[in-house]
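Visitor: The structure is given below, and queries will be raised subsequently.
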Amino acid sequence: MPKAPEDIIRDEIRAMSGYRVPDATGMVKLDAMENPYHLPPELQAEIARIVETTALNRYPDSGAARLKVRLREVMEIPAGADVLVGNGSDEFIQTLMLSVARPGACVLVLEPSFIMFRLIATFCGVRFIGVPLKPDFTVDIEGVLAAVAEHQPPLIFIVFPNNPTGNLFDVETIARIIEAAPGIVVLDEAYHAFAGQSFMPRLQDFPNLLVMRTLSKLGLAGLRLGVLAGARAWLQHVDKVRLPYNVNVLTQLIAEKVLQHQDVLARQAAAIKAERARLFDELEHIPGVRPFPSDANFILFRIVGASEVFAGLKRRGVLIKNLHETHPALAHCLRVTVGTPDENSRFLGALKETVNAG
Ligand SMILES: *Cc1c(COP(=O)(O)O)cnc(C)c1O
């Protein structure tokens with residue numbers, strides 16, 4: 001008789017509830033920060049040709065050399081920096097944590113933040129240190145510096161602009177954290193396309209800085225491609241933890257192709273930013289709703305009876321994200337992804353109906 005799962009699977013894994021993806025069939029899907037726009041038909045046709053002619057019997061290029069050349073150009077990765085590609089940027093969160101996971105190691109994150117940091121820390125057996133942001137979601141620099149001094153974290157993640165709050169942090173404050181850190185500081189720039197600022201040009205200034213990007217929020221969430229840039233001194237080791245063929249051949253070729261048409265993605269990002277401004281303005285005018293300014297492709301807002309409102313929206317066919325009770329700072333908060341003008345109008349209509357019905 002084999003032992004029971006309780007005797008075999010680690011306690012902390014059995015205690016987890018895992019990352020749940022709700023079913024959005026038939027709904028206006030504004031819960032996952034996806035780009036709502038399709039690629040133009042000409043580009044879709046070019047992708048179809050790639051799929052037709054690719055040798056799927058062969059392993060992909062493990063180093064993704066051609067794709068990296070394109071990424072360097074498009075993302076303006078400094079010449080002195082190395083670059084790695086991942087199966088989404090989530091994969092780098094894992095490879096980075098595995099790389100530093102000595103017994104007793106910890107990872108420091110400014111909270112509230114992206115939920116995967118905490119989950120992956122548990123997978124990797126790394127202690128998770130969450131340092132709270134101030135109530136206005138700016139960085140409590142004294143609190144962060146004290147936590148850095150106390151815990152000496154080998155790894156720090158800073159999301160810029162932050163998810164789920166949507167704001168950029170003050171650049172000089174982040175620089176102070178990077179300078180005080182004993183190890184690696186990763187700037188997670190998943191929402192870079194919707195923000196005006198980046199730490200990419202500052203890789204030269206800080207030997208312990210890594211910059212992480214993804215194509216997911218830019219319009220290619222289904223492809224799964226993450227990018228990590230920084231000093232070779234670090235990345236050569238992270239690269240060993242990466243599985244050899246982590247980025248499949250179709251992802252490599254299609255990403256390379258789409259990035260040749262960067263203007264398409266840039267126009268879509270501009271449309272999303274314009275809609276973000278309208279959505280914010282309309283939310284501000286609904287009584288009882290307080291939206292927080294956003295530099296990303298989503299808006300966090302506080303609303304009386306958030307969980308009831310979330311359920312009311314769902315009944316009306318609109319799926320957003322309920323963050324109430326996920327973190328004390330997010331009490332009564334919901335997060336909506338910026339969709340197409342039509343989707344946003346449907347969301348606003350459903351929200352007004354729900355508020356009036358309440
Ligand atoms: C969405 C998101 C990611 C994950 O992106 P993938 O590349 O799709 O794995 C990483 N970090 C943050 C902060 C995100 O919001």
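Throughout, read-outs are computed from the coordinates displayed, never taken from laboratory work. These numbers come from a predicted model, not from an experiment. A quick note on method: Cβ atoms are made from the backbone with ideal geometry, for glycine too, and the neighbour counts reach across all protein chains shown.
Visitor: Using the Cα centre as the reference, give the magnitude of the dipole from point charges on the C-beta atoms of the chain (Lys, Arg: +1; Asp, Glu: -1; all else neutral), rounded to the nearest 20 debye.
Guide: For this selection, approximately 620 debye.
Visitor: Right, another one. Under 5 Å between amide hydrogens, which residues at least 5 positions from V186 or on another chain qualify, with H placed 1.01 Å from N in the peptide plane?
Guide: I156, F157, I158, L210
Visitor: Starting at the first residue of segment 69-76, write each ³J(HN,Hα) from the Karplus equation 6.51 cos²θ - 1.76 cosθ + 1.60 with θ = phi - 60°, in whole Hz, x for Gly and Pro.
Guide: Whole-Hz 3J(HN,Hα) from phi for segment 69-76: 4, 5, 5, 4, 5, 5, 8, 6.
Visitor: Now a separate question. Summing -39500 (n - 2.57) over the DSSP H runs of n ≥ 4 in the chain and dividing by its residue number, what mean residue ellipticity at 222 nm do you reach, to the nearest 500 deg cm²/dmol?
Guide: -12000 deg cm²/dmol
Visitor: A further question follows. Give me the one-decimal nm value for the distance between modelled label points at R20 and A270, 7 Å along each residue's Cα-to-Cβ direction.
Guide: A separation of 4.1 nm, rounded to one decimal place.
Visitor: Continuing with this model, one more query. Report the calculated FRET efficiency for H237 and I286 (r = Cβ-Cβ distance, R0 = 41 Å), to the nearest 0.05.
Guide: E(calc), rounded to 0.05, equals 0.25.
Visitor: Starting from segment 159-265, pick out the chymotrypsin sites (Phe, Trp or Tyr not before Pro) whose DSSP state is loop and whose Cβ has at most 16 other Cβ atoms within 10 Å.
Guide: Filter output for segment 159-265: Y245.
Visitor: Hey, which of these cross-link pairs are over 20 Å Cα-Cα: K217/K314; K68/K257; K217/K321; K29/K314; K273/K314?
Guide: Going by Cα-Cα distance, K217/K314; K273/K314 fall outside the 20 Å limit.
Visitor: Between T326 and D140, what length comes free when the chain is fully extended (0.36 nm per residue of separation minus the Cα-Cα distance, one decimal in nm)?
Guide: Value of the extension gain: 65.0 nm.
Visitor: Quick check on the chain: take the gyration tensor over C-alpha atoms, sort the square-rooted eigenvalues as a ≥ b ≥ c, and tell me if it's rounded (a/c under 1.5), prolate or oblate.
Guide: It comes out rounded by the Cα gyration axes.
Visitor: Under 1.5 on a/c is rounded, so check that first for segment 153-266, then, if it is not, pick prolate when a/b is larger than b/c and oblate when it is not; a ≥ b ≥ c are the square roots of the alpha carbon gyration tensor eigenvalues.
Guide: Since a/c reaches 1.5 but b/c is at least a/b, the shape of segment 153-266 is classed as oblate.
Visitor: Top mean-square fluctuation among L220, L67, L39, Gaussian network model of the chain, C-alpha springs under 10 Å?
Guide: L39
Visitor: How are the Cα pair distances of segment 98-151 distributed, in percent, across 10 Å bins from 0?
Guide: Reading upward from the zero bin: 24, 50, 24, 2.
Visitor: If each Cα of segment 52-258 is one equal point scatterer, what is log10 of I(q)/I(0) from the Debye formula at q = 0.07, 0.08, 0.15 Å⁻¹?
Guide: -0.20, -0.26, -0.92
Visitor: Shifting gears a bit: So if R0 is 22 Å, what FRET efficiency would A79 and Q260 give, r being the distance between their Cβ atoms, rounded to the nearest 0.05?
Guide: The calculated FRET efficiency here is 0.60.
Visitor: Run the quick spin-label model on A4 and K352: label points 7 Å from Cα toward the beta carbon, then report their separation in nm to one decimal.
Guide: Label-label distance for A4 and K352, simple model: 5.6 nm.
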